[in-house]
Amino acid sequence: MTTVRIAHAEPRPGRQPGGGFRIHSFLVVLADDPGRRALPIWLGGPNGHGLWQILDSSAGPGVPPWGEDLTVQLLRAADVSVTGVDIDELDAGVTAGPPQSRRGPAPTARIEFTGATGSQRTMVVRLGYALALAAGTGAPVRVSDAVMERLAVPAQGGDLLAPFLGDEPQPGSARPEIEPRFEPRNLAFADGLAGWEFGGSFRHEAGELHWRDYSCTTSGGTEGGSAVLSSAVLEPYGFAGLTQTVFAEDYEGRTAVFRAELRIQDVASQCGLQVLTGIAAWPVPAPERLAVSLAGSHGWTRQEVTAEVPAGAGMIQFGMFLYGRGRIELRNAELTIGT
């Protein structure tokens, strides 16, 4: 394990040119100072807010203690010590960029406790919550060496934050954008599953017993490839999906068109493409949400789904879904604006 320092918990997009303050997510940077590396972690608003408040005294003056801060106080009163926070695994999507409207299980970490009698316990909790407890108690944060080797980047100079902000508006910037647009990205899967979200009812309705019923990976090289969504057991629970979400402002009053090539194998129930407008809640509740529904086996075919984008839609979510046993593969995806 590599011991890291919580270097930043930065609200994004942050302070706006007009003086307002907007928060969609938090960029957390864990620094491996001896190794001169930095690990970025993007957390959704609720999952990063407590850490931000603990680290930044200007985050909310006069506000009653946030949940994690209150928990720290209660632990101290009970003579319980947090002795460490361990991050054993991270999905590449958590480090690739803002979670947008990311749904599915949040990243987790293990918290180690020592009670008043010296007894030791561990608990797996959401990553943002665990980091907030570490920050509030001074407990060490450790990341598995495999995760650091795979996802950390060299730290150049003293600024650990700027390399991960990309083209987002900087706090105090004079750029005219009110918020980042999150245009479709990595549609050729050249960067693996970065920018995409893997989830579904198998994680949200069944608890951890079925979290491995489906798997998702990519196939192909740096020039692009495909995404593969498949069942991992004979009778998987619920359904799984691979989706991406973008802001709808450029599509309002028009039609969002999602096209891709699909190849399916031994699909017992159904699979297909979908596109939803608005901020949809996971899991998508009904099979009719699938605008293209397929079953059985067949080679590569071009498919297309459309959705009208009303004013105020907020978000567009697009991708592929699989219900039950089988395998679906997607390539050459594109999201365009119709008339």
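Quickly run through region 24-54 and pick out the residues that are surrounded by fewer than 17 Cβ atoms within 10 Å (Cβ to Cβ) and at pLDDT below 85.
The answer is GLY45, PRO46.
Name the single residue, out of those in region 1-23 being over 22 Å from the mean Cα position of the chain (by Cα) and modelled with pLDDT of 65 or more, that is surrounded by the most Cβ atoms within 10 Å (Cβ to Cβ).
Among those that are over 22 Å from the mean Cα position of the chain (by Cα) and modelled with pLDDT of 65 or more, it is THR2.
Being at pLDDT below 90 and either of a type in the set (D, E, K, R) or in a strand (DSSP E or B) (or both) narrows it down to one residue among SER219, SER230, SER269; which is it?
Working: SER230 fails: at pLDDT below 90; SER269 fails: at pLDDT below 90.
Within the list SER219, SER230, SER269, the selection yields SER219.
Which one is modelled with the highest pLDDT among residues in region 70-92 that are buried (at least 20 other Cβ atoms within 10 Å of the Cβ) and under 30 Å from PRO184 (Cα atoms)?
Filtering region 70-92 for residues that are buried (at least 20 other Cβ atoms within 10 Å of the Cβ) and under 30 Å from PRO184 (Cα atoms), the one modelled with the highest pLDDT comes out as ILE87.
List every residue pair whose Cβ atoms lie under 8 Å apart, where the two residues are 6 or more positions apart in sequence or sit on different chains, the first residue falls within region 139-168 and is surrounded by fewer than 13 Cβ atoms within 10 Å (Cβ to Cβ), and the second residue, located anywhere, is part of a loop (DSSP other than H, G, I, E, B).
ASP145/MET1; PRO154/ARG36; GLY166/GLY97; ASP167/PRO180
PRO105 passes all but one of (1) modelled with pLDDT of 70 or more; (2) surrounded by fewer than 20 Cβ atoms within 10 Å (Cβ to Cβ); (3) not small (Gly, Ala, Ser); which number fails?
Of the numbered conditions (1) modelled with pLDDT of 70 or more; (2) surrounded by fewer than 20 Cβ atoms within 10 Å (Cβ to Cβ); (3) not small (Gly, Ala, Ser), the odd one out for PRO105 is (1).
The rows are residues; the columns are (1) modelled with pLDDT under 85; (2) part of a strand (DSSP E or B).
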position	(1), (2)
GLY158	yes, no
PRO171	yes, no
PRO180	yes, no
GLU183	yes, no
ASP191	no, no
PHE198	no, yes
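It is to be established whether one or more residues within region 242-253 are assigned by TED's automatic domain parsing to the domain that holds GLY296, modelled with pLDDT of 90 or more and part of a strand (DSSP E or B).
Within region 242-253, the first condition is being assigned by TED's automatic domain parsing to the domain that holds GLY296, and the residues that meet it are 242-253.
With modelled with pLDDT of 90 or more added as a condition, the list becomes 242.
Pick out the ones that are also part of a strand (DSSP E or B) and you get 242.
There is at least one residue in region 242-253 that is assigned by TED's automatic domain parsing to the domain that holds GLY296, modelled with pLDDT of 90 or more and part of a strand (DSSP E or B).
State yes or no: is PRO64 at pLDDT below 75 and within 30 Å of LEU276 (Cα to Cα)? Before you say what the answer is, go through the steps one by one.
Working: at pLDDT below 75: yes; within 30 Å of LEU276 (Cα to Cα): no.
For PRO64, the condition - at pLDDT below 75 and within 30 Å of LEU276 (Cα to Cα) - is not met.
Can you find, within region 227-236, the residue that is surrounded by the most Cβ atoms within 10 Å (Cβ to Cβ) among those that are under 15 Å from ARG203 (Cα atoms) and out of contact with any Leu (no Cβ under 8 Å at 6 or more places or on another chain)?
Taking the candidates together, the pick is PRO236.
The values are calculated or read from the model by the stated rules, or taken from the named source; none is laboratory data. Computed from a predicted structure; not experimentally measured. Backbone-built Cβ (ideal geometry, glycine too); neighbour counts: all protein chains shown.
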